[in-house]
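Structure first, commentary second.
The values are calculated or read from the model by the stated rules, or taken from the named source; none is laboratory data. It should be emphasised that the depicted structure is a prediction, and the values quoted were computed from it without experimental measurement. Cβ placement follows ideal geometry from the backbone for every residue including glycine, while neighbour counts extend to all protein chains displayed.
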């Protein structure tokens with residue numbers, strides 16, 4: 001995973017977080033991003049922005065997969081109802 005510069009909207013969102021929210025977000029960082037932040041190659045604001053962007057992308061992927069699962073379940077239910085009738 002190559003770490004890219006965060007989008008400006010995420011930098012603004014990260015800067016508006018409370019100290020507690022920032023701490024929670026930092027605690028969820030993993031891997032390469034954490035190491036770059038710990039080695040001071042990234043400042044805290046940029047690390048937070050990248051984490052926010054990553055979590056938004058993961059949430060979008062999760063929602064897409066859940067929609068697919070829901071659609072499959074609906075199809076199965078329709079087929080099940082057809083067989084009963």
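Go through the range 23-48 and give me each residue that's touching a residue at least 24 places away in the same chain (Cβ under 8 Å) and within 15 Å of the chain's Cα centre (by Cα).
Passing the criteria: 25, 26, 28, 31, 33, 48.
Candidates in the range 18-49 are the residues that are buried (at least 16 other Cβ atoms within 10 Å of the Cβ) and in a loop (DSSP other than H, G, I, E, B); of these, the one that is modelled with the highest pLDDT is 29.
Checked against (1) under 19 Å from the mean Cα position of the chain (by Cα); (2) in a helix (DSSP H, G or I), residue 78 meets all criteria but (1). When the range 4-17 is filtered for residues that are touching a residue at least 40 places away in the same chain (Cβ under 8 Å) and surrounded by 16 or more Cβ atoms within 10 Å (Cβ to Cβ), the ones remaining, listed by number, are 6, 10.
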